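Notes to accompany the following structure.
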Amino acid sequence: MNHLFFLRNVRNTSRTRLYSTTSPKSPHAQWYSDVVPAMIPICLLGSAVYLGLQLAQTRLSHEKYMDAAQQRAALLEAQVHQLQQDRSQPQPLPSSSSSSKRSWLW
């Protein structure tokens, strides 16, 4: 019977925190214990907003780059098509007057 009382007493004393009742918190520690836990959700929300905006900016930048690349590719394809048409048309033979021209060196 005496052992049960001792065990209950040990359990009750182990639950109490001696450091919290021995001295009052300093103003500095009190300020940190009030402010820091309140700032955690604010930091998480700020980080989520920042990452969301960064993702949106990256996506829009990539979309702008892809539009410019598609326009450039369309322009180059048009140039290739025009050059292929020019190549497929028969070229006039050079006239004999061009062979009569002499270079300035000879």
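Any read-out appearing in this document is the output of simple, stated calculations on the displayed coordinates, not a laboratory observation. Note that the structure is a prediction, hence the values are computed from the model and not measured. Because the Cβ atoms are built from the backbone with ideal geometry, glycine has one as well, and the counts that use them run over all protein chains shown.
The string of couplings for region 29-40 from the Karplus curve (6.51, -1.76, 1.60, θ = phi - 60°) is 5, 5, 4, 5, 6, 8, 8, 4, x, 6, 7, 4 Hz, one whole number per residue in order, with x for Gly and Pro. What FRET efficiency comes out for the pair Glu63/Ala38, r = Cβ-Cβ distance, R0 = 30 Å, nearest 0.05? For Glu63 and Ala38, the calculated efficiency is 0.20.
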